[in-house]
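The values are calculated or read from the model by the stated rules, or taken from the named source; none is laboratory data. Quick caveat, the model's predicted, so the values are computed rather than measured. As a convention, Cβ positions derive from the backbone with ideal geometry for all residues, glycine included, and neighbour counts pool all protein chains shown.
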Amino acid sequence: MEQILWNLSRGVVVSVVIFGFLFLTLPLLVFVPLSFNAEPYFTFTEGMLRLDSDAYSLRWYRAIFENEDWRRAIANSFVIGMFATIVATILGTLAALALNNPKLPFRRSLGAFIISPMVTPIIVVAVGVYFFYTEVGIAKLSLGSFQIGPYIGIILAHAMIGAPYVVITVSASLAGFDHTLLKAAKISGAGPFTAFRRVQLPLLSPGVITGALFAFITSFDEVVIVLFMAGIQQRTIPREMWSGIREEISPTILAVATLLVIFAVIVLLTVEWLKHLSEKNRTGTA
Amino acid sequence: MKPQNYSERRGRWIPIMLVAPLVAFIGVTFIAPLGSMLKESVYDAEVANTLPGTVALLTQTWDRESLPSEEIYRKLASELIERSTEDRSVIGKVANRVNRLVPGTRSVWGKTARKLKNIEASDFRATLIDIDDRWEELELWHGIRQAGQKFSSRNYLHALDLEVSDEGNVVRVEEEKRAYVTLYLRTFYVAVTVTILCLLLGYPIANAIANASPTVSKILLILVLIPFWTSLLARTSSWIVLLQGQGVINDILVAIGWVQDDQRLSLMYNMFGTLVAMTQILLPFMVLPIYSVLNSMPPSYMRAAASLGANPIQAFTRVYWPQSLPGVYAGSLLVFILALGYYITPALVGGTKGQLISNMIAYHINNNNWGLGAAISMIVLVSVMLLYLLFDRWIGINKLKLS
C-alpha cells in the first residue's frame, strides 16, 4: 500500500517537474519564431506553419535599427546601465568587504539596512524617488539644451537598487576566501593596501564581476522608475517596449524581446563561467 | 596608549569606513526619497499658506456651529484680493483642494475673487453672501478650516476607505465609495496565490535539479536561470502572444476543436492572466533559494533515515522537508514581497479586473493626486517592512542567496 502511494506521488512529482520546466521555458521560445513573421501580426500565419520561407523575414529586426526611437533607447539603456553599474559595484564591493569583517559593529543591522532596497516594492521606490528628485530640483536640471537631470536621477536610483546584488554576490565569494593568504602577503612584506590589491582583489574579481552583471541587468531591465522619471529623450529599451505593447503592438517588440533573450543567455553563460573560475580559485587548482 | 589597543581600534575603523559610503548613498537615494513620500502623504500646506489669517481665525475663534464672525469674512476677503493680484493660479489650487472636501464649491473662489476687486464693502459677510450664497453654508467653512491644516491624516483615511463623520468619528465610507480595501485584499490574495503556486511548482523543480546527475543538473539550472535573466518586458509580451484572443493557446484549442472559433477563451485582461504570468515570472525566485539549500544538504541524512527504518514518505516529511525550510522561507518571502508590489505585469495583462494596488498608486501619481498615491505607497511599504523584519528575526536576512 505504502509502495503504491509512494509510486503515485513520485509520478505526480515527475509530471509537476516536467510541467514546471515547460511552463518556465516555453513562453520564451514562442515569440522567437513570431519575430520573423513577414506580416505585421502577433500570431502565426498559415505560411509560417507550412514553413514557407516567404512567410518569414528579418523586416522587424531592420525596423529596430532603422527607427530612431529604438536606437536612442538602446543607447540610453547602455549608458544608464553602465554608470549605475560602476557606482553600485564600487560601493557594493567596499561594503561587502566591511560586512564580512567581524570587527564591524552593528554588522547584522547594517547588512539588513543595505539589503532593504532590494525587498522594497519597486513601485514604492519609484514613487519616492520621483517625489524626492522633483523636490530637490534634480528632475529638471539641464546642461544647455541637454536635459541631464532625469539621467542623474535614474542612474542614482538604479545604482541604489543594484548595490544589494553586488553586496550579496561579493559576500558569497568572500565567504570562501582563505584569509591565511593575506597573512602570507603580510609576512612577505606587503602593506594592507597592496595585499588587498595584489592578492585579495584578483581572487574576488569573479564575484565582483558577477555582482556588476547583476547590477547591470537590474538597471537594464528596470522600467517603473524610468516610467516616472524619463521624458521622451531618456526612454530606455524596456520603456520603449512598454509603450509599444500599450499603444501599437507590432512584431518589432518580439524582435527586441528575442534579442533580449539572446543577451540574457550571453550574460548567464558569463556568470556561470565566472562562478566556475571562482570555484577554481577557491580550491587552488587554477 | 597601548599598541595593542591602538591596532584594535584601527581594525574597527577600516570596516566602518568601507561600509560608510554605501550606507550614506542608500541614505540619500533611498531613505530620503521615502522621507519625501511620507511628507507628501501627510503634509499639504496649500490652503494654510495661501489663507494663513483666515485659517488661524477659523481654528481659534470660530464656534463651528454658527456662521463665522464678520472679522473672519473680512480677513478672507482681504486675503483673497491680495493673493489673487499676486498670482491667480493659487486661488485655483485652494479651490481644488477645498472642493475635494466639499464637492461643488470650486467656482465660488474665482467668482468671489473677481467680483471683490470692484467692490468697496463695509459689511463683508453680507457682501460675500451677496456675491455667492454658498458663503452662507457652514459646510464650506468647515471645508476651509479642515483643508487649512498643514498636516492631516486625510490621505491615509481615504486610502483605507475611512472618513471623519459629522460627529467627528472615524467611520467607513459608504459602500459605493469603497475602493481601496478591496484592492489591498485582492493584492494580498494574488501575492498569497502566486507564492503558493510558485512553491508547488518550484519545490519539485529545485529538488529535481539538486538530485540530478551533475550534467543534467547543470542544464536544468540553466533552464531556470535563462528566464531569470531575461527582460521582464520580454517575458510579459510573450504572455500576451500566448494568451490573447487571437493568441497561440486559443489558436491551438480552436485547431484541435476543443473551442469554437467564435467562442475563444478570454485568458488575459483578467485575474487569470495576471496570476499565470506572475507565477511564471516569479518562479525562479522560488527555485533558486530552495535549490541552494537542497544542494548543500548531505545525502547521508536521507540514507540514515532509511537505515533507521523510515519509509520514503516519513524520511521526506521528518528529515528532508524540515531541513529545506530555510530555502522555502527565503523563496516565499522574495516571491511574496515582489508580488505585493508588482506593477508592470498586471498593468499589461491584467485589464481592469486584474489590477493590483500598485496600479492604483501609479494612477494617482499620474493624475496629480500625489498625496493619496504617497499614502497608499506608505501603507504598502510598512506592510512589506514588517514582513521583512519578521523574516530577519525569524530566519536571518543574511541567508538570502542568489546563485
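Identification of helices (runs of 4 or more DSSP H) wholly contained in the range B:136-248 with 3 or more residues that are surrounded by 22 or more Cβ atoms within 10 Å (Cβ to Cβ) and of a type in the set (Ser, Thr, Tyr) yields B:180-211, B:232-243. Residues that are among the charged types (D, E, K, R) and under 17 Å from B:Leu18 (Cβ atoms) within the range A:166-204 comprise just one, A:Arg197. Counting only helices (runs of 4 or more DSSP H) that sit completely within the range B:300-403, those holding 3 or more residues that are buried (at least 20 other Cβ atoms within 10 Å of the Cβ) correspond to B:321-340, B:344-349, B:357-366, B:370-394.
Among the conditions (1) within 24 Å of A:Ser243 (Cβ to Cβ); (2) within 14 Å of another protein chain (Cβ to nearest Cβ), the only one that A:Phe65 does not satisfy is (2). Pairs meeting the criteria (first residue in the range B:64-85 and farther than 13 Å from B:Ala121 by Cα, second residue part of a helix (DSSP H, G or I) and of a type in the set (Phe, Trp, Tyr), beta carbons under 6 Å, at least 6 apart or on different chains) are B:Pro68/B:Trp141.
Within the range A:15-34, the set of residues being among the polar types (S, T, N, Q) and facing another protein chain (nearest Cβ under 7 Å) comprises A:Thr25 only. Please verify whether the range B:54-77 includes one or more residues that are in a helix (DSSP H, G or I), surrounded by 14 or more Cβ atoms within 10 Å (Cβ to Cβ), basic (Lys, Arg) and away from chain A (no Cβ under 14 Å). Yes; the residues of the range B:54-77 include at least one that is in a helix (DSSP H, G or I), surrounded by 14 or more Cβ atoms within 10 Å (Cβ to Cβ), basic (Lys, Arg) and away from chain A (no Cβ under 14 Å).
Quick grid of which residues meet (1) within 9 Å of chain B (Cβ to nearest Cβ); (2) of a type outside the set (A, V, I, L, M, F, W, C):
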position: A:Arg198; (1), (2): no, yes
position: A:Ile225; (1), (2): no, no
position: A:Ile232; (1), (2): no, no
position: A:Ala257; (1), (2): yes, no
position: A:Ile266; (1), (2): no, no
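From the list B:Glu120, B:Glu79, B:Glu136, the one residue that fits, being more than 30 Å from B:Ser41 (Cβ to Cβ), at pLDDT 85 or above and out of contact with any strand residue (DSSP E or B) (no Cβ under 7 Å at 6 or more places or on another chain), is B:Glu136. Filtered by the rule that a residue be modelled with pLDDT under 85, buried (at least 17 other Cβ atoms within 10 Å of the Cβ) and of a type in the set (S, T, N, Q), the range A:246-286 gives A:Ser278, A:Asn281. Within the range A:126-167, if we keep just the residues that are part of a helix (DSSP H, G or I), of a type in the set (Val, Ile, Thr) and more than 7 Å from chain B (Cβ to nearest Cβ), the residue that is farthest from A:Ala95 (Cα to Cα) turns out to be A:Thr134.
Number of residues in the range A:234-246 that are at the interface with chain B (Cβ under 8 Å from one of its Cβ atoms), of a type in the set (Val, Ile, Thr) and under 19 Å from the mean Cα position of the chain (by Cα) equals 1. Looking across the range B:22-53, the residues that are under 19 Å from B:Asn99 (Cα atoms), surrounded by fewer than 20 Cβ atoms within 10 Å (Cβ to Cβ) and not aliphatic (A, V, I, L, M) come down to B:Tyr43, B:Glu46, B:Asn49, B:Pro52.
Take the residues in the range A:35-58 that are farther than 17 Å from B:Asp251 by Cα and touching a strand residue (DSSP E or B) at 6+ places or on another chain (Cβ under 9 Å), then tell me which one is nearest to the other protein chains (Cβ to nearest Cβ). Checking each candidate, the answer is A:Phe36. Restricted to the range B:286-325, and to residues there that are within 11 Å of chain A (Cβ to nearest Cβ) and touching a residue at least 60 places away in the same chain (Cβ under 8 Å), the residue that is nearest to B:Ala339 (Cα to Cα) is B:Met286.
Here are some conditions: (1) in contact (Cβ under 8 Å) with a residue 40 or more places away in the chain; (2) farther than 30 Å from B:Tyr73 by Cβ; (3) away from chain A (no Cβ under 14 Å); (4) in contact with a Leu (Cβ under 7 Å, 6 or more places away or on another chain). B:Trp135 meets all but one. Which one does it not meet? Unmet condition: (2). When A:Ile187 is tested against (1) within 14 Å of another protein chain (Cβ to nearest Cβ); (2) over 21 Å from the mean Cα position of the chain (by Cα), just one condition goes unmet, and that condition is (1). Does the range B:285-296 include one or more residues that are under 30 Å from A:Phe23 (Cα atoms), assigned to a helix (DSSP H, G or I) and within 21 Å of the chain's Cα centre (by Cα)? Yes, the range B:285-296 has at least one match.
A residue that is over 28 Å from B:Leu34 (Cα atoms), at pLDDT below 90 and assigned to a helix (DSSP H, G or I) can be found somewhere in the range A:210-229. In this structure, does A:Ser243 turn out to be modelled with pLDDT under 80 and out of contact with any strand residue (DSSP E or B) (no Cβ under 7 Å at 6 or more places or on another chain)? Spelling it out, it is not the case that A:Ser243 is modelled with pLDDT under 80 and out of contact with any strand residue (DSSP E or B) (no Cβ under 7 Å at 6 or more places or on another chain). Any residue at all in the range B:171-185 that's under 27 Å from the mean Cα position of the chain (by Cα) and at positive phi? For the range B:171-185, residues under 27 Å from the mean Cα position of the chain (by Cα) and at positive phi: absent.
Within the range B:24-53, being within 7 Å of chain A (Cβ to nearest Cβ) and within 30 Å of A:Asn100 (Cβ to Cβ) holds for B:Phe25, B:Ile26, B:Thr29, B:Phe30, B:Ala32, B:Pro33, B:Leu34.
The single residue among A:Val17, A:Val30, A:Val87 that is in contact with a Ser or Thr (Cβ under 9 Å, 6 or more places away or on another chain), of a type in the set (Val, Ile, Thr) and crowded, with 17+ Cβ neighbours inside 10 Å turns out to be A:Val30.
Every test in (1) over 20 Å from B:Phe228 (Cβ atoms); (2) facing chain B (nearest Cβ under 9 Å); (3) touching a Ser or Thr at 6+ places or on another chain (Cβ under 9 Å); (4) part of a helix (DSSP H, G or I) is passed by A:Ile249 save one, and that test is (4). Flag not set for A:Ala63, criterion: under 23 Å from A:Ala257 (Cβ atoms), hydrophobic (A, V, I, L, M, F, W, C) and modelled with pLDDT under 80.
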